[in-house]
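Asks: Here it is: the structure, laid out below.
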Amino acid sequence: MCYGISIYLSEPDSLNKDWIQKAAKNGFQYIFTSLHIPEEEGFSFVEKVKWLGETAQDVHMEVMADVSPASLERLGLKFEELPLLKDWGISGVRMDYGFTAKQIAWLSHSLKIGLNASTVDEAQLSDLLDEGLLPNQSEAWHNFYPKPFTGISKQALKDRNALFHRFGIRTMGFVPGDDRLRGPLHEGLPTIEDHRHISPLDAALELRELGTDKICIGDPNLSEETAKGFSYLADGTVPIYASFNKGYEHFWNSTHTNRMDPAQYVIRSVESRGMVAVYEPDPSSAYTFERGLITVDNKLYGRYSGELQICLETLPASPKVNIAGYVRKESESLLKWIGSGQKYIFLD
């Protein structure tokens, strides 16, 4: 899975540079920017674009720029000169309205191309391919939606992803941030409407489940904790922030794998039973184990002794099972994405 961030050229260079450096440190691989947002005025686009390209190259991130015919005027370029953007550090362009199929196909032989995943239909896609569009140089980018209740549905995104995958084209979707939200509405910038007010990590994992190949943060920042969480997602590991009781602190920063035959009611750690620790019974007044509770089987459980589990539902308590800790509230929603063979890590 590939993750990226959005940069808005009207933001101060210092804020953009901090965001880029934070993203690069946490495994993000590309940058999206738009060259035709109406409110972005009052500065030299050429200087800003070149600055962005150079800054991205310094941290080995690609840049995809959203362009329109009006953008070309701002950049002082003719369409035939767009391949020169590579010299500015721009890897590709997302092309929406105002360009012909022949133009887009021609440009795919020089730059990476982003198509509009939400509006290009199968007939238009066939025309592009007939004109010579290179699928391995092309991606389909969904829109983000600043206005509440205007984002698309999960099923619509899944269907569109399937369309482009049939033609060998990867897809990208947006999730909101959780720190500085983009103005003027400050309502988050998701592709899917139901993602507007949920954790960016949760939204990213659902986009992955719906067949999205690349995921981009629409807003101009993430909290430090969430950015760190994405560094684990980039490695295929679900980050779970947890609190552990005394005697179980060694589970922090430990990586586990859910069994290939996942249980219905608990997440069972493959690795935990290979650990040498033996746990004495730890009496608890609990009558039930609530969802999100982290438990360890004690020596009364015989050959299961040492197995670590995360409760997915409320379960009856047992004297054979100790309470080791609990998943923190901000990570509870991520438990549903720890399926068969999925790795996860406990973070403090």
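The values are calculated or read from the model by the stated rules, or taken from the named source; none is laboratory data. These numbers come from a predicted model, not from an experiment. Reconstructed Cβ throughout: ideal geometry from the backbone, glycine too, with neighbour counts over all protein chains shown.
Asks: Would you confirm whether or not segment 297-316 contains a residue that is closer than 19 Å to I338 by Cα and part of a helix (DSSP H, G or I)? Give the derivation first.
Replies: Filtering segment 297-316 down to residues closer than 19 Å to I338 by Cα leaves 307-315.
Imposing the further condition that a residue be part of a helix (DSSP H, G or I) reduces the set to none.
Within segment 297-316 (the criterion being closer than 19 Å to I338 by Cα and part of a helix (DSSP H, G or I)), the answer is no, since none of the residues qualifies.
Asks: Return the residues of segment 135-159 that are of a type in the set (A, V, I, L, M), buried (at least 17 other Cβ atoms within 10 Å of the Cβ) and out of contact with any Phe, Trp or Tyr (no Cβ under 9 Å at 6 or more places or on another chain); say none if nothing qualifies.
Replies: We begin by selecting, within segment 135-159, every residue of a type in the set (A, V, I, L, M); these are 140, 152, 156-157.
Now restrict to residues that are buried (at least 17 other Cβ atoms within 10 Å of the Cβ): 140, 152, 157.
Residue satisfying the conditions is L157 alone.
Asks: For segment 195-212, indicate whether the set of residues that are over 16 Å from W337 (Cα atoms) and either small (G, A, S) or touching a Lys or Arg at 6+ places or on another chain (Cβ under 8 Å) (or both) is non-empty. Please lay out each step first, then the result.
Replies: In the first step, residues of segment 195-212 are kept if they are over 16 Å from W337 (Cα atoms); the result is 196-197.
Imposing the further condition that a residue be either small (G, A, S) or touching a Lys or Arg at 6+ places or on another chain (Cβ under 8 Å) (or both) reduces the set to none.
Checked against the condition, which is being over 16 Å from W337 (Cα atoms) and either small (G, A, S) or touching a Lys or Arg at 6+ places or on another chain (Cβ under 8 Å) (or both), segment 195-212 yields no hits at all.
Asks: Where in segment 1-74 are there strands (runs of 3 or more DSSP E), lying fully within it, with 2 or more residues that are polar (S, T, N, Q)? First the steps, then the outcome.
Replies: On the way: elements: 2-7, 30-34, 62-67.
By residue number, 30-34.
Asks: Examine segment 63-75 for a residue that is at pLDDT 95 or above and of a type outside the set (K, R), and state whether such a residue exists.
Replies: In the first step, residues of segment 63-75 are kept if they are at pLDDT 95 or above; the result is 63-64.
So of that shortlist, the ones also of a type outside the set (K, R) come out as 63-64.
Yes, there is a match, as at least one residue in segment 63-75 is at pLDDT 95 or above and of a type outside the set (K, R).
Asks: Another one. Looking at R160 and the list (1) in contact with a Lys or Arg (Cβ under 8 Å, 6 or more places away or on another chain); (2) not in a loop (DSSP other than H, G, I, E, B), which single condition is not satisfied?
Replies: Answer for R160: the failing condition is (1).
Asks: Same structure again: For segment 277-291, state whether one or more residues are farther than 15 Å from D348 by Cα, touching a residue at least 12 places away in the same chain (Cβ under 8 Å) and assigned to a strand (DSSP E or B). Break it down into steps so the answer makes sense when it comes.
Replies: At the first step, the residues of segment 277-291 found to be farther than 15 Å from D348 by Cα are 277-291.
Keeping just the survivors that are touching a residue at least 12 places away in the same chain (Cβ under 8 Å) gives 277-284, 286-291.
Filter again for assigned to a strand (DSSP E or B), leaving 288-289.
Checking segment 277-291: at least one residue is farther than 15 Å from D348 by Cα, touching a residue at least 12 places away in the same chain (Cβ under 8 Å) and assigned to a strand (DSSP E or B).
Asks: Please work out if R94 is of a type in the set (K, R) and crowded, with 20+ Cβ neighbours inside 10 Å. Step through it out loud before you land on a result.
Replies: Details: of a type in the set (K, R): yes; crowded, with 20+ Cβ neighbours inside 10 Å: yes.
So R94 fits the description; yes.
Asks: While we're on this one: Looking at R160, R166, can you tell me which residue is farther than 21 Å from M64 by Cβ and either under 23 Å from the mean Cα position of the chain (by Cα) or not assigned by TED's automatic domain parsing to the domain that holds W19 (or both)? Walk me through how you get there before you give the answer.
Replies: On the way: R160 fails: farther than 21 Å from M64 by Cβ.
The match here is R166.
Asks: Then there's this: Does segment 244-267 contain at least one residue that is in contact (Cβ under 8 Å) with a residue 40 or more places away in the chain, β-branched (V, I, T) and either within 16 Å of S333 (Cα to Cα) or exposed (fewer than 13 other Cβ atoms within 10 Å of the Cβ) (or both)?
Replies: yes
Asks: Then there is this: Any chance segment 117-129 includes a residue that's hydroxyl-bearing (S, T, Y) and part of a helix (DSSP H, G or I)? So that I can check it myself, show each step before the final result.
Replies: First pass over segment 117-129, keeping only residues hydroxyl-bearing (S, T, Y): 118-119, 126.
Filter again for part of a helix (DSSP H, G or I), leaving 126.
So far as segment 117-129 goes, yes, one or more of its residues are hydroxyl-bearing (S, T, Y) and part of a helix (DSSP H, G or I).
Asks: Name the single residue that is nearest to G98 (Cα to Cα) among those in segment 65-80 being free of Cβ contacts under 8 Å to residues at least 24 places away in the same chain and among the hydrophobic types (A, V, I, L, M, F, W, C).
Replies: L72
Asks: Can you confirm whether R180 is of a type outside the set (A, V, I, L, M, F, W, C) and either part of a loop (DSSP other than H, G, I, E, B) or more than 18 Å from the chain's Cα centre (by Cα) (or both)? Talk me through it step by step, then tell me what you get.
Replies: Values: of a type outside the set (A, V, I, L, M, F, W, C): yes; either part of a loop (DSSP other than H, G, I, E, B) or more than 18 Å from the chain's Cα centre (by Cα) (or both): yes.
When the stated conditions are applied, R180 passes them.
Asks: Hey, another quick one. Among the listed residues D96, D87, D58, D18, identify the single one that is in the same structural domain as R170 (by TED's automatic domain parsing) and in contact (Cβ under 8 Å) with a residue 12 or more places away in the chain.
Replies: Just one listed residue meets the conditions, D96.
Asks: Checking Y326 against (1) in a helix (DSSP H, G or I); (2) buried (at least 17 other Cβ atoms within 10 Å of the Cβ), only one condition comes out false. Which one?
Replies: (1)
Asks: Could you check segment 6-27 and list, in sequence order, the residues that are touching a Ser or Thr at 6+ places or on another chain (Cβ under 8 Å), under 23 Å from P146 (Cα atoms) and polar (S, T, N, Q)?
Replies: Passing the criteria: S6, N16.
Asks: Collect the residues in segment 69-99 that are of a type in the set (G, A, S) and within 26 Å of the chain's Cα centre (by Cα), keeping them in residue-number order. Can you show your working first?
Replies: In the first step, residues of segment 69-99 are kept if they are of a type in the set (G, A, S); the result is 70-71, 76, 89, 91-92, 98.
Correct list: G89, S91, G92.
Asks: When you scan segment 1-33, how many residues do you find that are hydroxyl-bearing (S, T, Y), buried (at least 20 other Cβ atoms within 10 Å of the Cβ) and within 21 Å of V67 (Cβ to Cβ)? Steps first, please.
Replies: Looking only at segment 1-33, we keep the residues that are hydroxyl-bearing (S, T, Y), and these are 3, 6, 8, 10, 14, 30, 33.
Add one more test, that the residue is buried (at least 20 other Cβ atoms within 10 Å of the Cβ), and what stays is 3, 6, 30, 33.
Of the ones still in play, those that are also within 21 Å of V67 (Cβ to Cβ) are 6, 30, 33.
Residues meeting the conditions: 3.
Asks: Return yes when S331 is within 22 Å of L233 (Cα to Cα) and not in a strand (DSSP E or B) and no when it is not. First the steps, then the outcome.
Replies: Working: within 22 Å of L233 (Cα to Cα): yes; not in a strand (DSSP E or B): yes.
Spelling it out, S331 is indeed within 22 Å of L233 (Cα to Cα) and not in a strand (DSSP E or B).
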